1. Output the residues belonging to segment 662-692 that are touching a Gly at 6+ places or on another chain (Cβ under 9 Å) and either outside any helix (DSSP H, G or I) or at pLDDT below 90 (or both).
2. Is at least one residue of segment 618-626 in contact (Cβ under 8 Å) with a residue 40 or more places away in the chain, part of a helix (DSSP H, G or I) and either in contact with a Ser or Thr (Cβ under 8 Å, 6 or more places away or on another chain) or surrounded by 17 or more Cβ atoms within 10 Å (Cβ to Cβ) (or both)?
3. Are any residues in segment 335-366 of a type outside the set (A, V, I, L, M, F, W, C) and surrounded by fewer than 22 Cβ atoms within 10 Å (Cβ to Cβ), and if so, which ones?
4. Looking for something buried (at least 24 other Cβ atoms within 10 Å of the Cβ) and either in a helix (DSSP H, G or I) or among the aromatic types (Phe, Trp, Tyr) (or both) - is there at least one such residue anywhere in segment 189-201?
5. Of Glu714, Glu652, which residue is not assigned by TED's automatic domain parsing to the domain that holds Gly595 and not polar (S, T, N, Q)?
6. Please name all residue pairs, on different chains or six or more residues apart, with Cβ atoms under 9 Å, provided the first residue is in segment 533-550 and is modelled with pLDDT under 85 and the second residue is surrounded by 12 or more Cβ atoms within 10 Å (Cβ to Cβ) and assigned to a loop (DSSP other than H, G, I, E, B).
7. When you go through Arg678, Arg715 one by one, which is the residue that is surrounded by fewer than 22 Cβ atoms within 10 Å (Cβ to Cβ), touching a residue at least 24 places away in the same chain (Cβ under 8 Å) and out of contact with any Leu (no Cβ under 8 Å at 6 or more places or on another chain)?
8. Could you tell me which of the residues Arg104, Arg114 is surrounded by 14 or more Cβ atoms within 10 Å (Cβ to Cβ), outside the structural domain of Lys642 (by TED's automatic domain parsing) and either hydroxyl-bearing (Ser, Thr, Tyr) or out of contact with any Lys or Arg (no Cβ under 8 Å at 6 or more places or on another chain) (or both)?
Amino acid sequence: MGVENRMNTSFTKENNLSQLNTEKMLNISLNTEEKNFLKMQNDFLHKKTLLKIQEIKQAREKHGFINYADYFINKLFNDILTVLKSCGYGIVSISDINFDFIDRNKFDGDICVRIPKLLKQFKNKEYITEIIPHIIEVFNNSDLVSNGIIKRIDPVGIYINITLGDQYMFNSLKDVFEGKERFGENNIHQGESIIVDYSSPNIAKHLHAGHIRSTLIGEALSNLYTANGYTTHRINHINDRGGFGFLIEGFYRRESKIKNFKNKNDLLFSIYTQYRKGEKVAKSEEIFLTLSPEELSELQNFYGPFEGYKDFLLNYTDFVEESKKRFSALEKGSHQETNLWMKMVGWSMEDFASFYDLLDVHQDYLLGESFYAEYGLKYIMDMCDKGKVILYSDENAKKDREKLDQLLDQNIITQEVYEELNKEIFRDIGAYIVDLGNFERFVVLKGDKTSIYATRDIGAIKYRYDTFSPDKIVYEVGQEQEDHFDKLFKSIKKFGIDSVDFRHVYHGFYVESKTKKKLSSRDGASNVQNLIQEAISYFKAKYLSSNKSAEEVDDIAKKLAVGSIIFNDLKQDRRNPVPISSNIEEACKNFEDSGGAYILYSIARANSVLDKAQNGNEIGDFIPTEIALSTTERMLLIEINKYPLIVKKSEEQENPAILLDWLGGLCRLYNSYYASQRVILEDGSVNEVAYALAKAFKQVAKNATVLCNIATPERI
């Protein structure tokens with residue numbers, strides 16, 4: 001799905017689970033005690049990454065580019081600029097002119113021109129009574145009028161309203177018919193590469209709402225970047241490192257119970273849950289005493305038999321110590337631990353694959369935190385040697401506290417700020433930090449050189465910088481990570497990587513529609529994924545009595561359900577929360593009413609009309625001559641030709657909602673036209689104008705849905 005997929009560069013499901021392939025390498029190796037299998041696996045992934053980079057670059061070049069300046073609307077703007085340049089008022093570029101599209105329900109005309117530069121240069125009265133009449137005179141004597149490009153030009157206050165020639169407007173459909181599925185693409189970022197980091201699930205856990213939003217928005221943004229000329233690399237940055245010592249030890253302790261879990265990711269989540277529960281209970285005997293018999297039984301199954309709290313604590317401590325040994329062995333690349341770790345990653349990704357397959361999302365690279373950890377540690381130590389990273393000592397903290405005391409004494413900061421900054425100073429002592437100034441520090445490594453999230457994120461940037469040479473790196477991650485990415489980007493620039501445009505494109509939360517409260521991770525995982533299946537059933541029920549085959553009904557129901565869910569998400573400004581009802585039936589109804597189904601119905605209706613008009617025969621692209629356009633036809637032509645501008649604007653603002661808002665308006669306009677203008681006339685002949693508009697509408701609307709990763713049924 002999407003532009004990148006049309007270029008055949010996205011991973012298939014097999015590729016998306018590519019880490020599993022290294023098990024073969026691990027299992028056939030000899031002298032296992034002498035080899036670091038984690039390093040071998042990372043070397044394997046690095047080579048695979050290099051091959052994929054070349055594949056994507058070659059596919060991008062083979063796909064080619066469409067010149068943005070060649071689109072009808074841009075050529076028109078440049079033609080208008082040429083005339084305005086000749087007026088002698090110092091107008092030199094498009095940026096000197098404001099173009100607006102006129103709502104013909106309110107005003108007459110197609111394009112409105114305003115020239116802020118001249119409004120500043122001349123007084124209002126002089127501008128209206130002298131400058132505008134002169135400009136109109138120049139236009140009326142230009143080739144734009146004599147060649148039928150401009151039909152009429154009218155002064156309206158400080159504005160100049162332009163009515164375009166009927167034939168000229170209709171001929172613009174040639175752009176659509178020639179461009180086909182590529183209409184709307186451009187070459188603005190030709191030669192630039194971009195990395196989009198999105199989805200990023202945690203191994204041994206379930207996908208939660210944040211991952212789902214990140215996946216939907218990240219995929220749409222990736223398609224938009226590609227459509228605007230970027231060479232796009234889609235990365236799924238999975239958390240495959242944290243807590244694996246506990247998972248491996250817990251697995252071996254529960255190995256006899258594995259057969260109880262059909263879904264092995266559920267097994268991993270069960271191990272993770274029991275570890276966290278034990279961690280919580282170990283902190284307090286009071287908590288232990290509140291446990292129910294069922295909860296105590298679960299802990300005994302996991303940690304071993306115990307009589308009381310002290311026995312449990314001994315068992316828990318033993319588990320933690322053994323887990324640390326497991327993780328140490330994993331870090332050293334032990335065959336046993338690495339092999340099991342690889343299997344665990346595969347179990348989780350197989351579980352996640354059902355979600356990715358439903359949405360038809362296939363990223364190019366699957367690289368986890370384990371891949372970047374050593375890269376990050378080495379880079380941070382290099383920066384430490386250069387003095388850009390320091391081990392934050394008691395002496396450093398003392399100096400910062402003295403500065404704080406002075407600021408408090410001078411009433412530059414409040415007592416509340418003073419206390420908060422003091423807490424941060426105490427928290428950071430003993431860690432490796434980047435001093436960002438003004439009491440802002442970024443902790444990048446523990447004092448014992450144990451890596452943390454920041455270590456791996458720094459390693460990821462360094463690796464991507466060295467390997468991909470990107471112009472831009474985009475992280476589609478929730479808004480709660482804003483402070484982290486702000487400090488991360490500042491630190492990286494301080495290290496000397498300042499040629500890359502780093503962006504944190506964040507999204508809001510899923511919230512319960514009535515309470516407006518954020519969905520918890522558990523709710524996000526169970527409700528949202530379950531909603532996809534429930535929504536499919538909801539739409540399927542609408543077609544059970546139709547004359548369509550079971551296969552057709554399944555296809556239509558899936559596309560309507562998934563398309564409606566994607567539309568419901570993407571139509572919101574990505575920074576805003578997305579409400580979802582906790583009542584599944586109500587949620588499905590809301591998805592249908594959100595507008596996604598309406599858009600898919602509109603495209604299917606146009607497709608059906610075109611099929612009937614063709615009646616089994618291929619009809620060429622009608623471009624009739626000597627036509628007179630109705631008001632609605634003019635508005636429809638303008639909206640269709642705005643599409644390349646909308647694609648550009650949506651990418652610039654990194655917001656698919658702009659695209660879907662335009663698409664909803666286009667569908668409403670087309671349906672209004674279709675209700676009053678028949679494509680197939682009563683005598684069976686074809687209305688050429690209506691046919692051409694239906695064909696252009698279908699093409700452009702479908703192109704827009706592809707960018708949003710929404711599949712369209714051929715008929716409904």
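The values are calculated or read from the model by the stated rules, or taken from the named source; none is laboratory data. The shown structure was predicted, so the numbers you read here are calculated from the model rather than taken from an experiment. Neighbour counts run over all protein chains shown; Cβ positions are idealised from the backbone, glycine included.
1. none
2. Looking through segment 618-626, none of the residues is in contact (Cβ under 8 Å) with a residue 40 or more places away in the chain, part of a helix (DSSP H, G or I) and either in contact with a Ser or Thr (Cβ under 8 Å, 6 or more places away or on another chain) or surrounded by 17 or more Cβ atoms within 10 Å (Cβ to Cβ) (or both).
3. The initial filter retains those residues of segment 335-366 that are of a type outside the set (A, V, I, L, M, F, W, C), namely 335-339, 343, 346, 348, 350-351, 354, 356-357, 360, 362-365.
Of everything in segment 335-366, those that are of a type outside the set (A, V, I, L, M, F, W, C) and surrounded by fewer than 22 Cβ atoms within 10 Å (Cβ to Cβ) turn out to be His335, Gln336, Asn339, Lys343, Gly346, Glu350, Asp351, Ser354, Tyr356, Asp357, Asp360.
4. yes
5. Glu714
6. none
7. The match here is Arg715.
8. Among Arg104, Arg114, only Arg114 is surrounded by 14 or more Cβ atoms within 10 Å (Cβ to Cβ), outside the structural domain of Lys642 (by TED's automatic domain parsing) and either hydroxyl-bearing (Ser, Thr, Tyr) or out of contact with any Lys or Arg (no Cβ under 8 Å at 6 or more places or on another chain) (or both).
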